[in-house]
Amino acid sequence: MILHSRSRIRAETENRAWLARVYTHLAEMKFWIALLPPRHREQRRLKLLRSAGLFNAEKYLELYPDVAAAGMDPLRHYILHGMEEGRERPV
């Protein structure tokens, strides 16, 4: 039980650090990107995060075909559900 708690705390700490890096990169995006349609905005965000090596959407979908079948954006899924479920974050 204690080992499980420690590994959970470690995972949460790593996820917080990862989210801080994600937010830092997203904050550096040009202001006009907010004016793009949502689909294009999301594509730019994913491209930025892929180029930064923070998230590999294709690999995530390979690892979790249920996410692909649901048609949900993999990065969004990871942030909203995957972290809590303990899913692997591919880079």
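What follows draws every value from the coordinates through simple rules; no lab data is involved. What you see is a predicted model; the values in this text were computed from it and never measured. Methodologically, a virtual Cβ is constructed for each residue, glycine included, from the backbone with ideal geometry; neighbour enumeration extends over all protein chains shown.
Numbers below:
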{"read-out": "Directionally averaged projected area (convex hull, Cα atoms, the stretch 2-85), nm²", "value": "6.1 nm²"}
{"read-out": "Nearest-ten-degree value, helix 2-27 long axis tilted from longest Cα axis of the chain", "value": "10 degrees"}
{"read-out": "Sorted by Cβ density within 10 Å, fewest first, the residues Tyr64, Tyr23, Tyr78", "value": "Tyr23, Tyr64, Tyr78"}
{"read-out": "Cα long-axis angle, helix 38-51 against the chain (0 to 90 degrees, to the nearest 10)", "value": "60 degrees"}
{"read-out": "37 °C / 0.692 mPa s Stokes-Einstein diffusion coefficient of the stretch 1-44, Kirkwood radius on C-alpha pairs, µm²/s", "value": "258 µm²/s"}
{"read-out": "Stretch gain in nm, segment Arg50-Glu88, where the contour uses 0.36 nm per residue and the Cα spacing is subtracted", "value": "12.1 nm"}
{"read-out": "The chain: calculated mean residue ellipticity at 222 nm from DSSP helix runs of at least 4, using -39500 (n - 2.57)", "value": "-19000 deg cm²/dmol"}
